[in-house]
1. Taking the Cα centre of the chain as the origin and placing charges on Cβ (Lys, Arg +1; Asp, Glu -1), which of Val184, Met221, His106 is farthest toward the positive end of the dipole?
2. Round to a whole angstrom and tell me the spacing of the C-alpha centers of the stretch 115-166 and the stretch 184-241.
3. Subtract the Cα-Cα distance of Asp230 and Asp52 from 0.36 nm times their separation in residues, and report this length gain in nm to one decimal.
4. Classify the chain from the C-alpha gyration tensor, please: rounded if a/c falls under 1.5, else prolate or oblate depending on whether a/b exceeds b/c.
5. Could you please state how large a percent of the accessible area of the stretch 12-85 is carbon and sulfur, counting protein chains only and using a 1.4 Å probe?
6. Pick out which of Arg23, Arg69, Arg185 has the largest mean-square fluctuation in a Gaussian network model of the chain, springs linking Cα atoms closer than 10 Å.
7. If the only charges are +1 at each Lys and Arg Cβ and -1 at each Asp and Glu Cβ, what is the size of the charge dipole of the chain around the Cα centre, to the nearest 20 debye?
8. Take every Cα pair under 8 Å in the stretch 195-256 that's 6+ residues apart, average their separations, divide by the length, and report that relative contact order as a whole percent.
Amino acid sequence: MNRPPTHELLALRFGTQTGRLARENFLFADDPCATDTPAGFDFYIWVIRGQDQVIVVDTGFTAHTGARRGREQLHHPVEALAGLGMDPTDVSHLLITHMHWDHAGHLAGFPSARVHLQEPELAFCTSRAMRRPAPRRPFEAEDVNAAIRLLFDERLTLHRGTATIVPGVEVHPAPGHTPGLQVVRVHTKRGWVVLASDSSHLWANIRRRAPFPILDHLASMVEAYETVEDLADGADHIIPGHDPQVAARFPQVEDDPRWVRLHEEPIAPYTDPAALELRERVIS
């Protein structure tokens, strides 16, 4: 069997949230990680770069929306492509893992891209569930309207399951956090890496089987952990959607250190937050 081509895989930490407590990242209060200690929570977009293709995964949020929701935009997610020597018009495919406000805020920023979304995701964020404040809270009406405009412009591809975008880049359904969340599997020189996005916000969520508290279906979220692990070539080949350790554990891009290279081996070990909390208690 022919091996798929390899791709560069880059991550940009474009936003952050301060003042967050660790217990806000875990569903169950008795989890060892669910403490009242401060916990970092960051926001990322990703770029997949092959020989003749540029693919962007997720678009982040606007500064205005971030400020309204208590998050800080550190870098404009679209404009930051310039640090990689790229223009938004160079992007041929835009993969949206799900339609939450912090992942789909710049859908109109890539005028040449074919946009990819799971059909159940669009169905949910345009369904009767949006009549209620709690289900619609993680969505922005402007983002949903932008997706519908892309559909009418014949630029939105709606998938019903696994799909190959280009050789070596795949999308796979991993519902739980939302009904139509998809993860992105990328073949790199270190093997298959999975952009887990919010199927696992932090490495601790998947490694400890400790679910994040914002979810559509708990059992599906836990099953998605197994899906992601089966797709990846190892624990460090799984990239969570909001873990500050992502930006710290991988080597920086020389020309623009805001970006890190996920196709390279990590340069620092993973730190388990529960183990760190226990160590700090012993020291104190």
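1. Sorting the options by dipole projection puts first Met221.
2. 21 Å
3. Separation in residues times 0.36 nm, less the Cα-Cα distance, equals 61.2 nm.
4. Cα axes put the chain in the rounded bin.
5. Accessible surface attributable to carbon and sulfur in the stretch 12-85 totals 48 percent.
6. It is Arg69.
7. Result for the chain is approximately 540 debye, rounded to the nearest 20.
8. Answer for the stretch 195-256 is 46 percent.
The values are calculated or read from the model by the stated rules, or taken from the named source; none is laboratory data. In this text, all values refer to a predicted model and were calculated from it rather than measured experimentally. FYI the Cβ positions are ideal-geometry reconstructions off the backbone, even for glycines, and counts take in every protein chain you see. These accessible areas exclude ligands, DNA and RNA; they are computed on the full protein's heavy atoms, side chains included. Shrake-Rupley method; radii C 1.70, N 1.55, O 1.52, S 1.80 Å.
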